[in-house]
Amino acid sequence: MAQYIVKRIALAIITLFVVSTFTFFLMFLVPGGPFLSEKAPSPATLKALEEKYGLNLPVTQQYKNYMLRLLKGDLGTSLKQRGREVNNIIATRFPVSAKIGAVAILIAVTVGVTLGSIAALNRGKLLDSIIIFFSTCGIAVPGFVVCTVLMYILGLKLNLLPTFGLTSGRHYIMPVIALAFYPMSYISRLMRSCMLDVLNQDYMRTAKAKGLSQWKALFKHALRNAILPVVTYLGPLLAYTLTGSFIVEKIFTIPGLGDSFISSITGRDYPLIMGTTIFLAFLIITMNVIVDIIYKLVDPRIKLS
Amino acid sequence: MSEYLVDIRNLRLSFFTPAGEVKALNDVSIQMKQGEVLGIVGESGSGKSVTAYSLMGLVPEPGRIISGTIDFNGHRVTEMTEKQLREMRGNEISIIFQDPMTSLNPVYTIGNQIEEVILLHTTKDRKAARERALELLNLVGINEPHKRLRQYPHELSGGMRQRVMIAIALACEPKLLIADEPTTALDVTIQAQILELMNDLRKKIGMSIIMITHDLGVVASMCEKIAVMYAGKIVEYGTAEEIFYNPQHEYTKGLLMSIPKLNATEHEKLIPIEGTPVDMLMPPQGCPFAPRCNSCMKICLREMPPYTDINADHYSACWLLQKEAYESLKGGVAQ
Ligand SMILES: Nc1ncnc2c1ncn2[C@@H]1O[C@H](COP(=O)(O)OP(=O)(O)OP(=O)(O)O)[C@@H](O)[C@H]1O
Ligand code: SF4
Ligand SMILES: [Mg+2]
């Protein structure tokens, strides 16, 4: 276990290095610059600004400076939000996204697992067909369509829920639904097929032959086996929730990390682009390690290596 | 109360599949006394497992009992509630399955899976259940039982896992142990060890055993009584001695000729039974073995042969044994 963690940390450092290097050079290949807004500054101001932020240096020199600061954990200062440190921006923005994401994942997993199991237990019956129908829709319909439809019906037509901001619990409902819809559908389909498979396994027959009730057999013996693929899906699910939240945050005007990431790209706010990318990469890597460990806990056959 | 531990009478059971009604059991009757070891032999699909499962009230979907009764230990299984059935399963009747590789749940320890059944059917607490589990592992001849309790199924060999399955089955000292091809999935040396273990345990514990197999060698080494099944019907029943040395049904004779003998002379060749098993969706009207039988007569195709008693403990369903009835019917047809 200790060896495994050391190995994963080493791997994570290499990955982060590659990701940051790639992003850094790609960023400079994109035309445009941070100070080219409507009110174009005079050439003199521009020069002064570039000098101040070291943008006049050769790219390789800039890269070296950046990486050296990165080693100290310093992600630099934003070019657009005068003087604000990137670290600070991430620290205020990320919790907002994380909250929505975490609630969405929680809902997607619990509802998905429940619906999938119900469908499997009622295989071929009406309930099964209904669940299959909705989960297929959930997979086929893109996230922004879900957002728009929700907003139109619940927000505009029925006027039930607020359509922007995050100032109360009710504000969370639509973004969370929008974010949870796809993974929930995906998980219920996954769960249904795994559950059907598990219900036909010999050990379920053993459980019945021991005299266990159907519910006990289901909860103790079936669920833990059937849920394994869902645990595997948690890694990609996390990545989806993070990227998915960009769209949701844009549409529902939520001051999260996804929103600031997109504006940093359109505004060529180089340090913020770099900082957010590295942070997200770090997050995904960490979560994947955690998922691996959870997997190992649920399935003793898995060897971490 | 019946004098039998197991008393199955005229059991008919069908699977209602999309393709049609699969008549898996056609008028099966079996009686078994306390302490007896009964072998059920027959080829794949003849209904051996379904018979055994129905005894535990475990008829797999989409199976239904059409008619007949099943009594176990004086209680009518066919009329039990789900709760009564659960109290009986794993407690009074236990079963070991063919494939020990897949019959244990991969995500729970051996200890957990043995203790589960003890906790379910007895008033023992966790600690006592663990002690009992240790005792059982010793009983079924598993070395280092302390360590095994904490291991997972994938860490054990096939033979070991089957021993664990036996330990689970014996945990509550059942009156009847059903062994559904317990050695088929194991290699030959392990097979012999498991059979030896079962023989030992039987002597020690004195429970009744139903041994399901398509291997006559296995029944020969263990069973006192043998029921030969063909196409959902018991075509011959008798003591092991009678079945091996005085077989009456043509199918039984065929089976016996198809097993290799250790002391075979040059003249005795292995003769496999030709033809394919019966299509249970459309069972023939007469004797189910007729299409493959070398002695098949006209009447065999038309009518199901009734049982003929050979002696008190031996009967068989074959028209050849019903010479009288056969003669008279043949006479009737000829006119
Ligand atoms: N779940 C099911 N659905 C439909 N038909 C079934 C089902 N289970 C068993 N059958 C049918 O019932 C008949 C008897 O099956 P059974 O499993 O008792 O055979 P068996 O004698 O145990 O054979 P084997 O040696 O292969 O285990 C077979 O014809 C089979 O097709
Ligand atoms: S009844 Fe007829 S077909 Fe059936 S086994 Fe006897 S002789 Fe053969
Ligand atoms: Mg079988």
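The values are calculated or read from the model by the stated rules, or taken from the named source; none is laboratory data. On a predicted model such as this, the values are computed, not experimentally measured, just so you know. Heads up, the Cβs are rebuilt from the backbone with ideal geometry, glycines too, and the neighbour counts pull from every protein chain shown. What goes into the accessible areas is simple: the full protein's heavy atoms, side chains included, and nothing from ligands, DNA or RNA. Shrake-Rupley method; radii C 1.70, N 1.55, O 1.52, S 1.80 Å.
In the range B:229-260, what residues are assigned to a loop (DSSP other than H, G, I, E, B) and at pLDDT 90 or above?
B:231, B:232, B:246, B:247, B:248, B:249
If a residue must be outside any strand (DSSP E or B) and either within 16 Å of ligand 2 (Cβ to nearest atom) or among the small types (Gly, Ala, Ser) (or both), how many such residues does the range B:20-48 contain?
Here the count works out to 7.
Search the range B:129-157 for residues being of a type in the set (A, V, I, L, M, F, W, C) and closer than 17 Å to residue B:194 by Cα, and hand back the single one that is most open to solvent (accessible area, probe 1.4 Å).
Only one residue tops the list, namely B:139.
Considering only the range A:82-137, state which residues are hydroxyl-bearing (Ser, Thr, Tyr) and open to solvent by 20 Å² or more (accessible area, probe 1.4 Å).
Scanning the range A:82-137 gives A:92, A:110, A:114, A:129, A:136.
Any chance you could count how many residues in the range A:1-58 are within 19 Å of residue A:285 (Cα to Cα) and of a type in the set (D, E, K, R)?
2
Mind checking which residues of the range B:311-335 are modelled with pLDDT of 90 or more and more than 11 Å from ligand 2 (Cβ to nearest atom)?
Within the range B:311-335, B:314, B:315 meet the criteria.
Could you count how many residues in the range A:142-171 are within 21 Å of residue A:106 (Cα to Cα), open to solvent by less than 50 Å² (accessible area, probe 1.4 Å) and in a helix (DSSP H, G or I)?
5
Among the residues of the range B:158-210, write down those that are more than 16 Å from ligand 1 (Cβ to nearest atom) and in a loop (DSSP other than H, G, I, E, B).
If the condition is that a residue be more than 16 Å from ligand 1 (Cβ to nearest atom) and in a loop (DSSP other than H, G, I, E, B), then B:171, B:172, B:173, B:174, B:175, B:187, B:206, B:207 are the ones that fit.
Give all pairs with beta carbons closer than 6 Å in which a residue from the range B:16-38 that is over 25 Å from residue B:219 (Cβ atoms) meets a residue that is part of a strand (DSSP E or B) and within 16 Å of ligand 1 (Cβ to nearest atom); count only pairs at least 6 apart in sequence or on separate chains.
B:21/B:14; B:22/B:15; B:23/B:14
Restricting to the range B:45-65, count the residues that are open to solvent by 50 Å² or more (accessible area, probe 1.4 Å), more than 16 Å from ligand 3 (Cβ to nearest atom) and at positive phi.
0
Considering each residue of the range B:76-105, count those that are within 8 Å of chain A (Cβ to nearest Cβ), in a loop (DSSP other than H, G, I, E, B) and modelled with pLDDT under 95, and give that number.
4
Residue B:263: modelled with pLDDT of 80 or more, open to solvent by 50 Å² or more (accessible area, probe 1.4 Å) and more than 21 Å from the chain's Cα centre (by Cα), yes or no?
no
Does residue A:139 qualify as being closer than 16 Å to residue A:186 by Cβ and either β-branched (Val, Ile, Thr) or not in a helix (DSSP H, G or I) (or both)?
yes
Being more than 30 Å from residue B:91 (Cα to Cα) and touching a residue at least 40 places away in the same chain (Cβ under 8 Å), is that true of even one residue in the range A:206-226?
Looking for residues that are more than 30 Å from residue B:91 (Cα to Cα) and touching a residue at least 40 places away in the same chain (Cβ under 8 Å), one finds none in the range A:206-226, hence no.
Results for (1) within 26 Å of the chain's Cα centre (by Cα); (2) crowded, with 18+ Cβ neighbours inside 10 Å; (3) of a type in the set (A, V, I, L, M), shown as yes or no for each residue.
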position	(1), (2), (3)
B:95	yes, yes, yes
B:98	yes, yes, no
B:115	no, yes, no
B:121	yes, yes, no
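Select, from A:233, A:203, A:186, A:182, the only residue that is under 30 Å from residue B:86 (Cβ atoms) and either within 14 Å of chain B (Cβ to nearest Cβ) or crowded, with 20+ Cβ neighbours inside 10 Å (or both).
The match here is A:203.
Could you list all residues from the range B:108-139 that are more than 10 Å from chain A (Cβ to nearest Cβ) and not in a helix (DSSP H, G or I)?
Of everything in the range B:108-139, those that are more than 10 Å from chain A (Cβ to nearest Cβ) and not in a helix (DSSP H, G or I) turn out to be B:122, B:123, B:124, B:125.
Would you point out the residue of the range B:273-287, among those that are away from ligand 1 (no atom under 16 Å from the Cβ) and buried (at least 17 other Cβ atoms within 10 Å of the Cβ), that is nearest to residue B:234 (Cα to Cα)?
Among residues in the range B:273-287 that are away from ligand 1 (no atom under 16 Å from the Cβ) and buried (at least 17 other Cβ atoms within 10 Å of the Cβ), the one nearest to residue B:234 (Cα to Cα) is B:287.
Could you list all residues from the range A:183-230 that are touching a Leu at 6+ places or on another chain (Cβ under 9 Å), under 28 Å from residue A:288 (Cα atoms) and of a type in the set (Val, Ile, Thr)?
If the condition is that a residue be touching a Leu at 6+ places or on another chain (Cβ under 9 Å), under 28 Å from residue A:288 (Cα atoms) and of a type in the set (Val, Ile, Thr), then A:187, A:198, A:230 are the ones that fit.
Quick one: how many residues across the range B:288-297 are modelled with pLDDT of 90 or more and either at positive phi or open to solvent by 80 Å² or more (accessible area, probe 1.4 Å) (or both)?
0
For the range B:211-228, enumerate the residues that are in a strand (DSSP E or B) and either surrounded by fewer than 24 Cβ atoms within 10 Å (Cβ to Cβ) or out of contact with any helix residue (DSSP H, G or I) (no Cβ under 6 Å at 6 or more places or on another chain) (or both).
Scanning the range B:211-228 gives B:213, B:225, B:227.
Would you check which residues across the range A:276-305 are within 14 Å of another protein chain (Cβ to nearest Cβ) and within 15 Å of residue A:237 (Cβ to Cβ) and list them?
The answer is A:294, A:295.
If you check residue B:29 against the conditions, is it within 14 Å of ligand 3 (Cβ to nearest atom) and surrounded by fewer than 19 Cβ atoms within 10 Å (Cβ to Cβ)?
Criteria not met by residue B:29.
Looking at B:68, B:42, which one is at pLDDT 90 or above, more than 14 Å from chain A (Cβ to nearest Cβ) and within 14 Å of ligand 3 (Cβ to nearest atom)?
Among B:68, B:42, only B:42 is at pLDDT 90 or above, more than 14 Å from chain A (Cβ to nearest Cβ) and within 14 Å of ligand 3 (Cβ to nearest atom).
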